[in-house]
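Below is one structure, written out as structure tokens; comments come after it.
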Amino acid sequence: MPTFEQLRGYLDRVNIAHHIRGRIRLRLQAYPKELPLPDPDDTGQFQALIEQTPGVRSVRINPLARSCLIEYDPRVIPDQAWKDFIAGDSSAAALILEHILRDTYQEIIHAQL
């Protein structure tokens, strides 16, 4: 499994397709060749793991469209965090999201061991 830093390196391929307070759709421009394509059977499990992320209410993944719809609690994840994090900015909002994602990633890694 790629490291958190490796995954973060793919953010230049992610666009915000749509964003309103509490709901964001992310779209992957092109699937990285160096990452294995997700197995359709694993999508539900991956989705369930993401939904355990603090502040995330629900997730819908569409592998064919390379998109992911996330409903989130803006009291936990500030609206500006998404744009700043994807852009690589080190704003306070982006750092909140990065810490949440990093902690969730670590929990996923430990659960797989």
> Taking segment 1-30 as the region of interest, how many residues are farther than 14 Å from Ala87 by Cβ and in contact with a Pro (Cβ under 8 Å, 6 or more places away or on another chain)?
Replying inline: 2
>> What's the total number of residues in segment 64-113 that are open to solvent by less than 70 Å² (accessible area, probe 1.4 Å), assigned to a loop (DSSP other than H, G, I, E, B) and among the acidic types (Asp, Glu)?
In response: 1
> Taking into account only those residues within segment 48-63 that are under 19 Å from Gln106 (Cα atoms) and open to solvent by 30 Å² or more (accessible area, probe 1.4 Å), which is modelled with the highest pLDDT?
Replying inline: Pro54
>> Within segment 80-99, does at least one residue satisfy the condition of being touching a Gly at 6+ places or on another chain (Cβ under 6 Å) and either closer than 20 Å to Glu5 by Cβ or aliphatic (A, V, I, L, M) (or both)?
In response: no
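The values are calculated or read from the model by the stated rules, or taken from the named source; none is laboratory data. Just so it is clear, the model here is predicted, and its values are computed rather than measured. Positions of Cβ are backbone-derived with ideal geometry, glycine not excepted, and every protein chain shown enters the neighbour counts. Each accessible area value is taken on the protein alone, full model and side chains, heavy atoms only, with ligands, DNA and RNA left out. Shrake-Rupley method; radii C 1.70, N 1.55, O 1.52, S 1.80 Å.
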